[in-house]
Amino acid sequence: MIDKALRESKDAFFASLVRGPVRSIHPTAITVLAAVVGLAAAVAAWQSASWVAVGLWLANRVLDGLDGAIARASGKQSDLGAYLDIVLDYVVYAALPIGLALADGATAALVALALLLASFYVNSASWMYLAAVLEKRRAGAAARGEATSVTMPSGLIEGAETILFYTLFLLFPGAIVFLFGLMAVLTLVTAGQRVVWAVRNV
């Protein structure tokens, strides 16, 4: 919801980190490192090490932004790099709530987990195919002046909101049934927004 408003300041922040030897690191190496750190956060969540999990999760987010900044600064942008970035992001997005639900172990937590992951499944279909259609019509990321490889149509739950929700999951594991449910509902609303947009514009 607020990703576009934050993009300029976010890009400036990550560009400021790409200095000296950092620029020489291959962006795909950073992408893989981000995934490893994210999975470590999921393991920490499973072991109920909340503060460790939060630290690793936030490190994952920083690394996830850094790979793109390095790619742009060094001229190493590639379709494969962008593809691996989104696939590994989704691995982490799935692993963290799974770790939390396994740590909780209650039926309610597992049901809430299923609802959350189902909402991600529907939402992914709502934006990925729409993004492909927009790229096909030359109305995608390049046409919109976006730095990303593929456009992501706007919605209620985007990157910033995901970071916020996941941080809350990790800080308040006793509230994951409510928080998983709330994010699932808002994610489904987001998918609905994109379907409505597609009906009107595609």
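The values are calculated or read from the model by the stated rules, or taken from the named source; none is laboratory data. As the structure is a computational prediction, the values presented were derived from the model and not from experiment. Glycine gets a Cβ as well: all are built from the backbone with ideal geometry, and neighbour counts include every protein chain shown.
Quick look at the values:
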quantity	calculated
Selected residue (only one of Leu168, Leu186, Leu182 is closer than 24 Å to Ala40 by Cα, in a helix (DSSP H, G or I) and of a type outside the set (Val, Ile, Thr))	Leu168
Residue satisfying condition, being surrounded by fewer than 21 Cβ atoms within 10 Å (Cβ to Cβ) and assigned to a helix (DSSP H, G or I), within set Ala112, Ala103	Ala103
Test: residue in region 72-80 that is at pLDDT 85 or above and crowded, with 16+ Cβ neighbours inside 10 Å	no
Answer residue from region 181-191, given it is closer than 26 Å to Ala131 by Cα and in contact (Cβ under 8 Å) with a residue 40 or more places away in the chain and is surrounded by the fewest Cβ atoms within 10 Å (Cβ to Cβ) among those	Val185
Residues within region 159-180 that are under 16 Å from the mean Cα position of the chain (by Cα), crowded, with 18+ Cβ neighbours inside 10 Å and at pLDDT 85 or above, tallied	6
Pairs, first part of a loop (DSSP other than H, G, I, E, B) in region 66-90, second buried (at least 17 other Cβ atoms within 10 Å of the Cβ) and among the aliphatic types (A, V, I, L, M), C-beta under 8 Å, six or more apart	Lys76/Ile70; Gln77/Ala71; Ser78/Ala71
Exclusive hit being buried (at least 19 other Cβ atoms within 10 Å of the Cβ) and aromatic (Phe, Trp, Tyr), set Trp57, Trp46	Trp57
Only one of Leu188, Leu102 that is at pLDDT 95 or above and out of contact with any Phe, Trp or Tyr (no Cβ under 8 Å at 6 or more places or on another chain)	Leu188
